[in-house]
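A.B. asks: Got a structure for you, questions after.
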Ligand code: BES
Ligand code: ZN
């Protein structure tokens with residue numbers, strides 16, 4: 001088994017440091033990035049996995065900037081995943097990290113190869129009726145409210161202002177809940193910003209958890225100019241989907257499994273909040289059966305109700321589940337696509353071995369180009385009918401998956 005994993009990884013004998021001029025050594029970072037980008041930029045690749053086209057490198061700030069510039073040219077955002085947290089906390093080194101990632105990909109591939117019966121969801125009247133409650137007006141109101149904060153960045157002078165206000169808002173909403181709940185803020189060591197968590201406790205198997213999440217923070221990465229970061233699409237939209245899903249789910253009967261809804265901190269600075277949470281859950285051996293990540297749902301770049309389903313750092317079982325849920329309840333078009341790097345919080349859960357899913361607003365190349373700027377506001381192209389489909393996905397997972405004993409088969 002070890003040999004199979006090792007065969008996937010070709011380690012380059014030389015150290016990255018040997019190629020890096022001293023002046024640049026300041027603040028190097030371990031990262032995972034698209035192999036093509038690393039090669040095109042002549043950045044020493046320390047380890048790689050050709051199947052997932054991901055390479056491991058230690059990069060200087062200058063190299064980080066080059067990767068960012070290059071990925072912007074090809075329509076990506078940051079273009080790499082920062083592994084600093086894993087290195088410090090686990091002391092895993094790149095062998096450990098890539099080894100672990102390869103194992104997870106192997107698990108996902110096992111499912112791909114196994115001849116399991118295709119998934120199908122039987123229509124359930126309660127779920128059908130719940131889906132009619134998804135309100136585009138509510139979504140618009142939540143996105144308007146969240147994007148009106150000057151910034152929700154974890155590097156803001158007041159990084160928790162919106163987190164506190166959101167907690168107050170959710171508390172008054174939850175006062176009406178028919179399901180026992182807990183609401184809490186989660187402190188982090190990697191950022192002063194806090195994540196927010198609502199737990200709807202399961203009736204029969206409360207230790208089995210269905211996670212629904214998205215990042216609440218925003219960022220402005222443009223040089224100079226104003227520093228407001230409205231982040232309407234990225235990611236007030238996914239955050240709003242989750243508020244709306246909570247509003248509907250808490251009014252329904254108690255699910256057998258526990259549903260945990262997360263609004264993560266510091267995603268834009270390197271998946272900070274979710275990385276700590278997923279690591280903690282793994283350390284505590286929590287039984288997370290599925291993780292939904294909603295990040296950017298408002299811009300229908302590939303057409304209204306065309307949903308991009310990210311195939312990297314996600315579970316094939318959950319992607320099949322999404323297709324089945326779509327057939328029965330959502331009636332959108334699902335198109336497989338890739339980020340090419342751990343572009344959002346699902347990657348944090350995936351790295352800990354939990355099955356994750358990321359339905360996205362469009363295919364990668366057709367996604368909103370105005371994110372991370374002052375222009376990420378509600379525009380005439382913002383489409384709340386499109387966005388509503390992602391709340392529906394969350395509601396189906398909360399009412400179907402959280403009431404079943406389905407699990408990722410290995
Ligand atoms: N929402 C984006 C990810 C994204 C952008 C996915 C465009 C697909 C298309 C997310 O908030 C983000 O910006 N992620 C960072 C990476 C993270 C590890 C800092 C990125 O893509 O640069
Ligand atoms: Zn972003």
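A.B. asks: Taking Cα pairs under 8 Å and at least six residues apart, what relative contact order does the chain come out at, in percent? It would help to have the intermediate numbers written out before the result.
C.D. replies: On the way: 845 pairs, mean separation 76.7, N = 410.
Reported as a whole number, the value is 19 percent.
A.B. asks: Here is a further query. Using the basic label-point model (7 angstrom from Cα toward the beta carbon), what is the residue 336 to residue 304 distance in nanometres?
C.D. replies: 2.9 nm
A.B. asks: GNM, the chain, Cα, under 10 Å: largest mean-square fluctuation among 146, 170, 242?
C.D. replies: Of 146, 170, 242, the Gaussian network model singles out 170 as fluctuating most.
A.B. asks: Then there is this: By DSSP, what percent of the beta bridges with both residues in segment 266-410 are antiparallel, rounded to the nearest 5?
C.D. replies: Values: 2 of 9 bridges.
Of the beta bridges lying entirely in segment 266-410, close to 20 percent run antiparallel.
A.B. asks: Something else about it: Quick one: if you stick a label point 7 Å off each Cα along the C-beta vector at residue 110 and residue 51, how many nm between them?
C.D. replies: Label-label distance for residue 110 and residue 51, simple model: 1.2 nm.
A.B. asks: Can you tell which of 257, 333, 169 shows the greatest fluctuation in a Gaussian network model of the chain with Cα springs below 10 Å?
C.D. replies: 169
A.B. asks: Oh, and also: Specify the residue with the greatest mean-square fluctuation among 331, 372, 162, computed from a Gaussian network of the chain linking alpha-carbon atoms under 10 Å apart.
C.D. replies: Taking springs between Cα atoms under 10 Å, the residue moving most is 331.
A.B. asks: Sticking with this structure for a sec: On a 0 to 90° scale, report how tilted helix 93-113 is relative to the longest principal axis of the chain, with both axes built from alpha carbons and the result rounded to the nearest 10.
C.D. replies: Rounded to the nearest ten degrees, it is 50.
A.B. asks: Given a cut-off of under 8 Å on Cα pairs at least six residues apart, what relative contact order in percent is computed for segment 204-252?
C.D. replies: Details: 26 pairs, mean separation 18.1, N = 49.
Taking the mean separation of contacting Cα pairs over the length of segment 204-252, I get 37 percent.
A.B. asks: Work out the FRET efficiency for residue 223 and residue 201 from their Cβ-Cβ distance, taking R0 = 45 Å, and round it to the nearest 0.05. Walk me through the intermediate numbers first.
C.D. replies: On the way: r = 47 Å, r/R0 = 1.04.
Computed FRET efficiency for residue 223 and residue 201 comes out at 0.45.
A.B. asks: Moving to a separate point now. Please arrange 410, 264 by counting, for each residue, the other beta carbons lying within 10 Å of its beta carbon, fewest first. Intermediate results must be reported in sequence, preceding the final value.
C.D. replies: On the way: 410 9, 264 32.
Listed from fewest to most nearby Cβ atoms, that is 410, 264.
A.B. asks: Compute the length gained on full extension between residue 282 and residue 72: take 0.36 nm times their separation in residues and subtract their Cα-Cα distance, giving the result in nm to one decimal. Could you put the intermediate results ahead of the total?
C.D. replies: Working: separation 210, 0.36 × 210 = 75.60 nm, distance 3.36 nm.
Separation in residues times 0.36 nm, less the Cα-Cα distance, equals 72.2 nm.
Every number in this text was worked out from the coordinates using simple rules, so none of it is lab data. Quick caveat: nothing in here was measured; it's all calculated off a predicted structure. Positions of Cβ are backbone-derived with ideal geometry, glycine not excepted, and every protein chain shown enters the neighbour counts.
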